[in-house]
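Have a look at the structure below before the remarks.
The values are calculated or read from the model by the stated rules, or taken from the named source; none is laboratory data. On a predicted model such as this, the values are computed, not experimentally measured, just so you know. Here the Cβ positions follow ideal geometry from the backbone for every residue, glycine too, while neighbour counts run over all protein chains shown.
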Amino acid sequence: MSRRWLSPSLPLAIPVLAILLWAVVYPNISVIAGSFADGFVHWRRFAASPTDREALSATLIIALGSVIAATGIGLPLAFLLTRFDFRGRKTLSAIATLPAALPPLVGVVAFLFLYGESGVVTRVIQDALGLEKAPWSFTGIPAIIFVHAYTMYVYVFLLVSAGLERVDTTLHDAAAGLGAGAFRRMRRVTLPLLTPAIAGSMLLVFMSALGSFSAPYVFGGGVRVLSTQILASKLNGNTGLAYVETTVLALSAVAGLALFRWLERRRSYTVSAKGAATRVVVRSAAGRFAAGLLAVVLVTVLVLPHLMVMLVSFARDGAWTTQILPPEYTLDNFRRLATDSELWRPIRNSVLMALVAVAANIVICFVAAYLIVLRSFPGRRLLELLVAIPWAIPATAIAIGLAATFNVHDPKTGRFILVGTFWILPLAYFIRGIPLVATAVESSLRQMDPAIEDAARGLGASWWMTVRRVIVPAARPGLIAGAMLAAVTAVGEFVASVVLYTHANRPISVEILAQLRALSFGTAAAFSVLLILLTLGITIIARWVETRFTRGELGEVPAVGA
Amino acid sequence: MTAGTLALHGISRRFGEHAAVEDVSFEVAPGELLALIGASGSGKTTTLRMIAGHERPDAGKVTLDGTDITAFSPQKRGFGMVFQHYALFPHLSVEDNVAFGLEARGVNRSVRRERAQRVLSTVGLERVGPRPIQSLSGGEQQRVALARALVIEPRVLLLDEPLSNLDPTLRRSMRDELRSMLRTLHVTAVFVTHDQDDAFAIADRVALMRHGRILQVGSPETLYAKPASRDVADFIGRATLVDAVDADTHAIITIGGVARKVGAVKASTSPPFRKAFAVLRPEALGLVDSKTPGAWQGIIVGRRFAGSGFVYRVALTEDLAVDVASATGTVGEADSVGVIVEREPVALVPA
């Protein structure tokens, strides 16, 4: 539908396209160009380096291992919780998504306290078995996959559960009526219908694991992966090599995304939801015992990291050495966060930088989503692609791109010195937030009847009034949800931050790492708890804003006929 | 409300290679209700959108009381429009929806309220003003959409499939209500529908579209009794088209070797068609005893109860069957019957 002449598309589209090309595409081009700066020298060095070859294979092994582990946990759990009813099901359902609420580095820290060489669980087992040394060293590829499984199974669980809720239960009944047994029903009906959800979530895990940085960084031991290797090369001054590694990592991720899109197109069913998913109540004594036990174990495993971080946040720094649990507890850690200006600073930085980034996300992504959903103009497809790219590119690669582009002052080519200034991190957070906010707003706008815009214009509303009174209210749920996700991501961001931070603008996550290095576990945990609380606060604010607006718009709804 | 005279002068609209609307012209007099009907994809909605200004014609012009408004944006035209799915603003109350057009015109709040209230009571919804849109039934939403379009006192009111979202019972009562409301308000209105019952019940005149072109414009009776072409006769009502010889005021129809001479009419005076079809409507035909001299011989192959009577399907030859209406249901399937033309004249269309 061509409505080009009715409303301004290009005057809006041109600046938004320019900003996104500058922030999203340009840095990647700088990295690729940088990798060829001396012809193929850096690429040859990359190909010849055994470390890099190991890093590449470790990255792929970890990504595949994470997919298997996360699917192995998430898939059965999704079936268990949507198909069966047993004591503890509701608690387990509520807790199952908890790992997603842990900021990336905080999860890793919690695992260190629990399962690390001197972790609580490790020591309990060591004591119980009377061993000389720890029963395991929590390092290397298995440790990394273990952490990934904990944080990433949530993707599989959520997507498959949603898929299962949508599967029409009458299909199941129809298959049974035609004489198919439980096994055949699963193989021929349920699993094929779930294929898009399973494939989608597996690729999500694959991509996340591919770009993962925190777990390999902390638990890697001698194992290097591409993302950590990139940082090491950069810190060692091998910038050219870092660019090659970044290019390889980004290309692997883009290949993953292309595969994902292709699978999505190939297999997608619209399954109408008729009749709620019915749950089978577990009745046999053995079944009830097994289900109950499983629920208790899983809830414990899921909650332990949170509890552990909270516990350690009250431990006096330096006092916890060889005991199983910290021996002394104090409120000092929290008191110092508020009073010590050096400790207060990262908190201020994170909040301020997240605010700047999210404000930019709201404006740019709203306009982009509006153009994508409601306008047709040359360049619409390009815009769609631009807002999706940051989702596919690992944060380390985004950060290296920014470092490669904004380290010189050359306004003619659109380059400014941002590295080392306040602005570099908000820019990185902004880029990471683009797909989150844009996708959310797009889906809100897609639910709107496009005729609504015509209706407003036909009633005499100006373009601006239409946007203000009709489009923004329609986009609001997406704006709030997207902004919330972007804020949560930005406030706890670690991966891009650790590449780009300076002492003055270091965020909370980088400070947590510094405190860990200094063995100030209590302080590190206190920062972690604060981060969890910030995340929680953002969610609460988002919900409050949402309800306030919904109520404010319609006023009190009086009784009919009043 | 001052109703305007709306006219389309040869407007066309292409989407790439596809000509959605081609050379469409018609005029709507002040206070007249015109229905644009046609199958889906016939270009009727695109035509309506061009009248509203949501779509710009590639050629031709739209005039209102003689003024060329082709280049006017929708908000400048000030036409009221009722959308197929109503396009009500989900976040606004009923009253705010209705008052939106006044808000856009800078009318102050108290006047807005008062006028919205007044229009809501014309559509029979005086008590729902403060309620959220979602709490209304489909029929009520339809009336809110109408009220929202009427509050700006439009010189032309446009309605896109206004009844298609309602269930059949509600649809019939809304049909009559809509007609009487539009009559009372004396508003010039164009509405799009694919349902000829809706069009016949509401409109003063009907414009039938097919493949982006207007086939015929006229009163419902005209389109029914004097279709201008085969396509019109096919689309409007039930009819069987049979070969006929055009003898000006008469037609000679030969079926199964039996020739009958019947009175005939055409949509316009023209030299005799070289090849013609006679439009045989079920109620123009009658069943007689099979031995009646001069009747076409046939066998009943189908029988359907239609409330006021029966409709028989009669096979006259191997590849020709006609529908015949009958008040009684005394004959049964496989019976031999004679068929005659009871009501003359029948319409002739060029083959």
* To do: For residue A:434, work out the one condition from (1) over 18 Å from the mean Cα position of the chain (by Cα); (2) buried (at least 24 other Cβ atoms within 10 Å of the Cβ); (3) not hydroxyl-bearing (Ser, Thr, Tyr) it doesn't fulfil.
  => (1)
* Are there any pairs with C-beta distances below 8 angstrom linking a residue in region A:463-487 that is over 9 Å from residue A:441 (Cβ atoms) and within 11 Å of chain B (Cβ to nearest Cβ) to a residue that is aromatic (Phe, Trp, Tyr) and buried (at least 19 other Cβ atoms within 10 Å of the Cβ), with the two at least 6 apart or on different chains, and if so which? -> A:469/B:89; A:469/B:100; A:470/B:89; A:471/A:370; A:472/A:366; A:473/B:89
* **Residues being in contact with a Ser or Thr (Cβ under 8 Å, 6 or more places away or on another chain), in a helix (DSSP H, G or I) and of a type in the set (Gly, Ala, Ser) - total across region A:218-244** => 4
* Confirm whether residue A:270 is farther than 27 Å from residue A:139 by Cβ, out of contact with any Phe, Trp or Tyr (no Cβ under 8 Å at 6 or more places or on another chain) and either at pLDDT below 90 or surrounded by fewer than 20 Cβ atoms within 10 Å (Cβ to Cβ) (or both). => yes
* Structure fact -> When (1) within 14 Å of chain B (Cβ to nearest Cβ); (2) at pLDDT 90 or above are applied to residue A:490, the one that fails is (1)
* Structure fact -> Here, strands (runs of 3 or more DSSP E) confined to region B:262-351 with at least 1 residues that are in contact with a helix residue (DSSP H, G or I) (Cβ under 8 Å, 6 or more places away or on another chain) and more than 22 Å from residue B:250 (Cα to Cα) are B:310-317, B:320-326
* Asked: When residues of region B:55-80 are filtered for being farther than 19 Å from residue B:26 by Cα and within 25 Å of the chain's Cα centre (by Cα), how many remain?
  -> 3
* **Verdict on residue B:111 being away from every other protein chain (no Cβ under 12 Å) and either within 28 Å of the chain's Cα centre (by Cα) or aromatic (Phe, Trp, Tyr) (or both)** => no
* To do: State whether the residues of region A:353-366 include one that is more than 24 Å from residue A:430 (Cα to Cα) and either within 27 Å of the chain's Cα centre (by Cα) or of a type in the set (S, T, N, Q) (or both).
  => no
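Does region B:81-102 include one or more residues that are acidic (Asp, Glu), under 29 Å from residue B:29 (Cα atoms), in contact (Cβ under 8 Å) with a residue 12 or more places away in the chain and surrounded by fewer than 23 Cβ atoms within 10 Å (Cβ to Cβ)?
Checked region B:81-102: no residue is acidic (Asp, Glu), under 29 Å from residue B:29 (Cα atoms), in contact (Cβ under 8 Å) with a residue 12 or more places away in the chain and surrounded by fewer than 23 Cβ atoms within 10 Å (Cβ to Cβ).
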* Sole exception among (1) buried (at least 16 other Cβ atoms within 10 Å of the Cβ); (2) over 19 Å from the mean Cα position of the chain (by Cα); (3) among the hydrophobic types (A, V, I, L, M, F, W, C); (4) closer than 17 Å to residue A:29 by Cβ for residue A:371, by number -> (4)
* **Top-ranked residue of region B:148-169 - restricted to ones that are farther than 21 Å from residue B:119 by Cα and free of Cβ contacts under 8 Å to residues at least 60 places away in the same chain, ranked as nearest to the other protein chains (Cβ to nearest Cβ)** => B:166
* **Scan of region B:114-147 for residues that are within 12 Å of another protein chain (Cβ to nearest Cβ), more than 20 Å from residue B:78 (Cα to Cα) and aliphatic (A, V, I, L, M), ordered by number** => B:125, B:128, B:133, B:136
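Could you name every one of the strands (runs of 3 or more DSSP E) located completely within region B:1-94 that has at least 1 residues being under 28 Å from residue B:167 (Cβ atoms)?
Values: elements: B:6-15, B:18-28, B:33-37, B:59-64, B:80-82.
Per the criteria, B:33-37, B:80-82.
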